[in-house]
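Enquirer: I have a structure I would like to understand better, so I am pasting it below and will then ask my questions one at a time.
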Amino acid sequence: MVRRKLPASDDMWNRVRAILFENLGLKLASLLLAFLLYAHVVTEQERESIVLIPIAAVGLADTLTSVGQLPPRVAVKVRGKWKDLIRLSLTRPFLSIDLAAAKPGMFQTSITADDISRRAIPPELARLVSVTEVRDPRSVNLAIEPKATRSLKVRARVVGRPASGYVVSGEPDVEPDSVRVMGPAKLLKEIDTLYTVAVDITGERERIQRLVALALPANVANLETRRCVVTIRLDKAEPDSSSGRARSR
């Protein structure tokens with residue numbers, strides 16, 4: 001019996017298939033082992049990385065408040081094995097600024113590499129990674145003031161114009177018309193009125209009633225309702241015979 005000779009293309013495909021699929025399990029295991037060995041070698045290497053660590057203020061007395069913005073995070077340079085730097089990023093460290101001893105006036109404290117190592121990095125990682133540099137900020141400056149409470153009037157802030165032929169009738173009503181707030185005593189002495197966020201009446205023809213938030217100054221907290229009901233009345237305008245302008249009926 002004469003064996004039929006396979007075409008050259010079929011013979012080549014059989015060779016490729018044999019190379020790819022013969023002992024497939026052994027080949028996959030070898031590939032996985034090579035990858036794990038590579039990952040182990042790479043993650044054991046020493047590296048430097050910039051880490052952003054959130055900052056939180058703690059311990060401030062209830063009778064005091066801070067004025068200004070605390071930096072949201074500090075950028076530090078750390079060095080260690082890559083696997084330990086990965087673990088550090090997964091732990092989500094944060095740096096607490098202790099204000100327990102703060103008094104009215106300026107509070108200032110520096111941020112050092114030792115602070116980051118002792119207070120921000122978990123102890124099990126602090127032995128494995130080193131903080132080599134604090135980038136920015138290197139200090140925290142806050143104004144500390146006595147805290148006060150006060151009741152302030154609330155007024156609506158209105159923007160835009162109603163539809164042609166309509167005008168705003170009287171002052172907008174705000175409910176509640178006053179709120180009790182808490183904040184720095186010096187700041188609260190300087191203000192007597194709070195405003196809502198803007199209410200846009202552009203193109204409106206009918207009575208408007210909306211639930212809107214208060215536009216609070218920085219470092220001031222509302223102790224009561226967070227939103228107010230603003231009612232704005234619109235009337236059809238009548239032409240003013242003396243000036244030719246429209247006026248409210």
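The values are calculated or read from the model by the stated rules, or taken from the named source; none is laboratory data. Everything quoted here is computed from the prediction, not taken from an experiment. Here the Cβ is made from the backbone with ideal geometry for all residues, glycine too, and neighbour counts use every protein chain on show.
Enquirer: Can you name every residue in segment 107-121 that is of a type in the set (D, E) and surrounded by 13 or more Cβ atoms within 10 Å (Cβ to Cβ)?
Expert: Within segment 107-121, D115 is the sole residue that qualifies.
Enquirer: Got at least one residue in segment 207-219 being surrounded by 12 or more Cβ atoms within 10 Å (Cβ to Cβ), free of Cβ contacts under 8 Å to residues at least 60 places away in the same chain, over 30 Å from the mean Cα position of the chain (by Cα) and more than 30 Å from L64 (Cβ to Cβ)?
Expert: yes
Enquirer: State the number of residues belonging to segment 95-115 that are part of a loop (DSSP other than H, G, I, E, B) and either outside the structural domain of Q69 (by TED's automatic domain parsing) or under 30 Å from R79 (Cα atoms) (or both). Before you say what the answer is, go through the steps one by one.
Expert: Let us first name the residues in segment 95-115 that are part of a loop (DSSP other than H, G, I, E, B), namely 99-104, 111-112.
Add one more test, that the residue is either outside the structural domain of Q69 (by TED's automatic domain parsing) or under 30 Å from R79 (Cα atoms) (or both), and what stays is 99, 111-112.
Final tally of qualifying residues: 3.
Enquirer: Out of curiosity, is V179 surrounded by 12 or more Cβ atoms within 10 Å (Cβ to Cβ) and not charged (D, E, K, R)?
Expert: yes
Enquirer: Separate question: Which pairs have Cβ atoms under 6 Å, sit 6 or more apart or on different chains, and link a residue in segment 116-134 that is without any contact (Cβ under 8 Å) to a residue 24 or more places away in the chain to one that is polar (S, T, N, Q)?
Expert: A126/S117
Enquirer: Pull out all pairs, ordered by first then second residue, where Cβ-Cβ is under 8 Å, the residues are six or more apart or on different chains, the first lies in segment 221-244 and is outside any strand (DSSP E or B), and the second is at pLDDT below 85 and small (G, A, S).
Expert: D240/A246
Enquirer: For segment 122-171, enumerate the residues that are part of a helix (DSSP H, G or I) and surrounded by 12 or more Cβ atoms within 10 Å (Cβ to Cβ).
Expert: Correct list: L125, A126.
Enquirer: Given the criteria within 30 Å of E46 (Cα to Cα) and aliphatic (A, V, I, L, M), does V131 qualify?
Expert: When the stated conditions are applied, V131 passes them.
Enquirer: Kindly establish whether P162 is closer than 30 Å to D98 by Cβ and in contact with a Leu (Cβ under 9 Å, 6 or more places away or on another chain).
Expert: no
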